[in-house]
Amino acid sequence: MRHFRGIIISGLFLLPVVLLPVNVCLAAIEKFNPYVYGKVLYDSNIFRVSGDTTDQQSDTVRNLGAGLNADWKLSRQHLLLDALVDRAKYDARSELDHTRINGRGTWAWQVGNLWSGKLGYEYKKVLSSFTQQLVPIKDMRTTHRSFWSGGYQIHPDWTVSAGLDYADVSYQERNVLDRKTSTGTLAVQYKNTRNTYVGVQGDYAKNDLKNFDIAPGISVNNDYDVVTISGVFSWEGSKKSTLMAMLGYTDVSYAELKDRDFQGTTGRLTYRWALTGKTRMDIAMWRKTTSLYYEVASYVLQKGASIIPTWSASPKISVKGRIEYTNNDFKAQNGLNRQQRDDDTWRYGFGATWSPRQYLNLSLRYDRVTRESSIDIRDYKDDMVTAKLRLQF
């Protein structure tokens, strides 16, 4: 049924193109960029195990992929297509070989001068992360996502917008993580001619998960709702600096076992600073509730900060670094009086990209991740080196 729904939605996106004369369709193509790439990743701790790593924990992964970015313009409408297929092969652990698929179709719509928004569908199939697994297994995660957003400009400086998002996430092995998430957003924003805006935003998310067993024969409803009311602010102080902020209050409420609930302040602060014409610094701090990309069956309270410097050494060479710290407090799990878990994770990264031709891109990157947890078996260290070549047609 889910695949059938995806085919129908994709067909609706392409129908206007099919019905147009051939010469009109060709004239309407604003972007059509197919590409191929190859990537080699060395990972020193493929399963994120604790303790000192040896060659037995490392592996080299080779990826070959192809994709497409396209934009069909039909009057004031845009039909956007992003598709990617990637095959990953492991040197030492062929049982982890897999194919990654990611496809998204979006209708960027506009009606008159005041109404605009997006309608789309996304299908994604990826290998789930090993960062939250104690028993390392190959577990493919499949996501079906539908989304809609719309905005109305009620005044030259005022905009009202709303959005709906539905995601159906399923795992091949760990079905306790399966969920259906429905999200609604409503926002009001004021923006002046100096690219400064303020607004208010409300978000509501309903998470439907499978029940879980806390004892033999005792099953508990694991569904929970998340409500967040935030104030948003963006200020372009000069051509070299921009400050963006979101500060709000989040309420997480479970259907049962209310000790897992959370109420508190959440938000994000981002400062972008162009030190010179070639150098930029992005600094961010945040406090939020998250499911860690659907990798946990509840929520965690995450606090973090990051610094990302970027240097355009030349028109063809760019260098980017990253320093990031996150603290994940597993409040829902801790609220069940289980072993208390609190993780501190540091990530350091450095990479360079070289584009000798418009159609050719080469990159090399190193990342180091260190996690220290209140549960010793959750500690790990990992070093990764990635080399990638991309060819665009």
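Okay, here's what the table says:
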| read-out | value |
| --- | --- |
| Filter pass, SER94 being under 21 Å from VAL40 (Cβ atoms), without any contact (Cβ under 8 Å) to a residue 12 or more places away in the chain and surrounded by fewer than 17 Cβ atoms within 10 Å (Cβ to Cβ) | yes |
| Filter result (surrounded by 14 or more Cβ atoms within 10 Å (Cβ to Cβ), hydrophobic (A, V, I, L, M, F, W, C) and out of contact with any Gly (no Cβ under 8 Å at 6 or more places or on another chain)) within segment 337-361 | TRP346, ALA352, TRP354 |
| Residue match in segment 67-85 (condition: under 30 Å from THR386 (Cβ atoms), assigned to a strand (DSSP E or B) and aromatic (Phe, Trp, Tyr)) | no |
| Selection within segment 276-289 - at pLDDT 95 or above, surrounded by fewer than 17 Cβ atoms within 10 Å (Cβ to Cβ) and of a type outside the set (D, E, K, R) | THR279, MET281, ILE283, ALA284, MET285 |
| Matching option when the condition is under 17 Å from the mean Cα position of the chain (by Cα) and part of a strand (DSSP E or B), among GLY349, GLY304 | GLY304 |
| Those residues of segment 244-275 which are at pLDDT 95 or above and of a type in the set (A, V, I, L, M), in sequence order | MET244, ALA245, MET246, LEU247, VAL252, LEU269 |
| Residues (among the polar types (S, T, N, Q) and more than 14 Å from ILE307 (Cα to Cα)) located in segment 317-344 | SER318, ASN327, ASN328, GLN333, ASN334, ASN337, GLN339, GLN340 |
| Close pairs (9 angstrom Cβ cut-off, 6 or more residues apart or separate chains): at negative phi in segment 343-356, among the aromatic types (Phe, Trp, Tyr) and not in a strand (DSSP E or B) anywhere | ASP343/PHE330 |
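The values are calculated or read from the model by the stated rules, or taken from the named source; none is laboratory data. Treat the numbers as computed from the prediction; the structure is a model and nothing was measured. Counting neighbours? That spans all protein chains shown, and the Cβs are built from the backbone with ideal geometry, glycine included.
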